[in-house]
Amino acid sequence: MTDQKRSPKYPLYMVIGMSVGTAIGVVNDDIGVWMPIGMAVGLSIGVAMDGRAEKDAEKAERDEGPPSA
């Protein structure tokens, strides 16, 4: 088992959320409200997805276990 350092994915989701929030803000003529809302939603989704990926990786590592004889 190699100990690889994973890069977190939440910055990507934060940027995607900010972009979506900015687009909604442009349409509604209120960028100041929608950009931080989009960033917060994107960050929340990114942290949740990153946590889930970490749990899945830990579970896969446990399931491998020692080789049986």
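The values are calculated or read from the model by the stated rules, or taken from the named source; none is laboratory data. Predicted model only: the values in this text are computed from it and were never measured. So basically every Cβ, Gly included, is an ideal-geometry build from the backbone, and we count neighbours across all protein chains shown.
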Segment 30-69, subset β-branched (Val, Ile, Thr) and closer than 19 Å to Lys9 by Cα, residue modelled with the lowest pLDDT: Val47
Every residue from segment 29-52 that is surrounded by 13 or more Cβ atoms within 10 Å (Cβ to Cβ) and not β-branched (Val, Ile, Thr): Trp34, Met35, Pro36, Gly38, Met39, Ala40, Gly42, Leu43, Ser44, Gly46, Met49, Asp50
